[in-house]
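To start, the structure under review is shown below, and the notes come after it.
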Amino acid sequence: MFKKSFKTIILIMVVMALSITSFAGGWDVSSASSWAQPEIEEAYSYDLMPYKLMSSNLKNKITRAEFASLVVKMYETITGEVVEQASMDTFTDTDDADVLKANTLGIMLGSNKQAKPNDLVTRQQMAVMYYRTLSKVYDFFGEEMENTDGVLTINDKKSIADWAVEAVDYINENNIMKGSNGNFNPADNAPIEQAVIVVKRIYVDEKDLAEGTRNIDLSKGYTYKLDAYGEKFTITYNANGKTNTIKPGDNSVLGIYGNDAHNSKIYYKVVDKDVNDETGANSYSYDVATNESTCLDDYFGYEISTIALINSGTYKGNILVYPYEDTVNVYSDKLELVCTLEGMVTAENANTMIDNKLNPPTASMEFENRLLYGSNKGDATSTSYFNLYGSKESKTIQQQLLGLNACSTMQDIETGNGPMLLACDSKGDSYKLDASMRSIDCRFQVKTANTHDDAANAGIVLGVYKPGTGNDQYYGYYIGIAPKRKAVYVGRSNYNWNELLSANIPDYIDPYDCRVHVTLKTSYFDGSSSYRLTVTLEGEREDAVVIDNKFLGSTSGAHTSYGAKYIPSFSGEFGIRSYKSDVEFPYFEITRR
């Protein structure tokens, strides 16, 4: 009993050892020539090997039935289409499935109802059948083959049959089959290993057609259009006018989340018509450059509720992925996790929330309930600590209403245009932003009660130094709201007003009660600082980015900005200012990073 089992174990081990030796990668290549084995292994990896050749001696000459199986497998692998067999009575000498499929495709026609499956294939017959297969592949993808001139240049061209001239010329000129010493050798037979290698080389040449990347030319960009039924969308490449259609399935509808033209990505959602809940939906990222779609639910490992694309700002091109929970995940265009956010995250406020997450504030100050009056009748009041410039009222009244200790920098002026308040501590010492900051993030609300001029406006001042007597008597920058003109103004003062930027306020934003978010970012290069400004107006239902990452200038004399060769640093004092308007600032918050 023991001895019998022992012999059985040895036998199994021997069989296993032989299997390991003979089958490399699941394909028996040991019968092939050593020079052919690497490419045959490659053909196997591309799924080009028909089952009937698995046990064949690869040095044997290939038969017509074997060749039929090889070219049919190539066609089905490239196109993804399963070919139907011709009628069983098509040939009287065979009912081989691959031969019948080859007949359906018009590759193997036979004669007198005979396919002669066991006959060896000649080289000119191989050329014809390769040519016919390629023609069918091109037809499937709606492409045209660029035929050669049909003039043979081989030495033995007189040996080529008339019915094979066109195919042999194409196959020879495109280096698919070359022969030897200038001869094509049309009547010779070829071993299986050579036929397999030719199929592999054809597949490699035509793989971009199968992958849908051959016609992709993004040198002039692209457009896309979703069809009226939501079943597919079509990409058009502007450079060559070629198109590519993305259609998930016959029983699916899709919707587009957004298009990231800069990174050539389109994000979309596919919903199964038969499934009514979220389990029947999947979100995808489509790469226009590679014609590849990635199921993001599978890639990220969780079900996705929806996706939003960030279309502007520092994190333009990133996507917000909303799982079925309270957090929001931010991914780069390469689908790498940037960070996870909490709270109400939208594409409009995402830049700020991401920046706050990745670059936590190093300093932040909040001030509340400030009132500024720009008429001759009003008093300038505030419940927080500010130094006041520009009011007609006396210093004594200012001190009492502001709760400030005596401050030598407070001055009276003769105009009634309106005051400027600069933030200070309880002793009247001004707060300042230092030059080492990477960015300034400021949020404020300005509510206008009365205006005394069409140009009336109110807002914030940054980078202030040498403040003096008068509304524009300071060096620094101003960002404000002009409600009558429904505009946002950005300006620079050097004791004279210089407008730098302006933008219209959308109709859905109330210009008399405006919540404003200002982001000023600093970058350093070669000893120079440059500045970019973003201004967002926060609405009840929708935010409006009215100034999007605009370049304000540089501290380098080599640059100019709006006629100014030198833009000073935004470090310095900060505060609020009004011009010929009675306004309230319910809140004013500034953060330095």
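The values are calculated or read from the model by the stated rules, or taken from the named source; none is laboratory data. Fair warning: this is a prediction, and the values are worked out from it, not measured in the lab. No Cβ is skipped: glycine too gets one built from the backbone with ideal geometry, and neighbour counts run over all protein chains shown. Surface areas here come from the heavy atoms of the whole protein model, side chains and all, with no ligands, DNA or RNA. Shrake-Rupley method; radii C 1.70, N 1.55, O 1.52, S 1.80 Å.
What FRET efficiency do you get for Arg438 and Asn238 if R0 is 35 Å and r is their Cβ-Cβ distance, rounded to the nearest 0.05?
Approximately 0.35, to the nearest 0.05.
Determine the per residue accessible area of region 82-216 with all protein chains present and a 1.4 angstrom probe, expressed in square angstrom.
Per residue, region 82-216 has an accessible area of 50 Å².
So if we plug the beta-carbon distance of Leu358 and Lys158 into 1/(1 + (r/R0)^6) with R0 = 60 Å, what FRET efficiency do we get, rounded to 0.05?
0.20
Which whole-Hz ³J(HN,Hα) couplings does region 575-580 yield from phi under the Karplus relation 6.51 cos²θ - 1.76 cosθ + 1.60, θ = phi - 60°, glycine and proline marked x?
Computed from phi, the couplings for region 575-580 are x, 10, 8, 10, 9, 6 Hz.
Give me Rg over Rh for region 451-508, both radii from the alpha carbons and Rh done the Kirkwood way, two decimal places.
Using Cα coordinates only, the ratio equals 1.00.
Using mean Cβ contacts within 10 Å as the protection proxy, how do 332-341, 73-82 order, highest first? Provide the component values of the computation, followed by the final result.
Working: 332-341: 13.5, 73-82: 17.1.
Highest-to-lowest ranking by the protection proxy: 73-82, 332-341.
Cα centroid distance between region 480-550 and region 153-208, in Å?
69
Order 35-42, 147-154, 188-195, 96-103 from most to least packed using the mean count of other Cβ atoms within 10 Å. Can you show the working numbers first?
On the way: 35-42: 16.9, 147-154: 13.9, 188-195: 19.9, 96-103: 22.9.
Output ranking for 35-42, 147-154, 188-195, 96-103: 96-103, 188-195, 35-42, 147-154.
Calculate, in nm to one decimal, what Arg201 and Met54 gain on full extension: separation in residues at 0.36 nm each, minus their alpha carbon distance. Spell out each step's value before the answer.
Numbers: separation 147, 0.36 × 147 = 52.92 nm, distance 1.95 nm.
Going from the current span to full extension adds 51.0 nm.
Residues of region 448-519: accessible area per residue at 1.4 Å, in Å²?
So region 448-519 comes to 39 Å² accessible per residue, rounded to a whole number.
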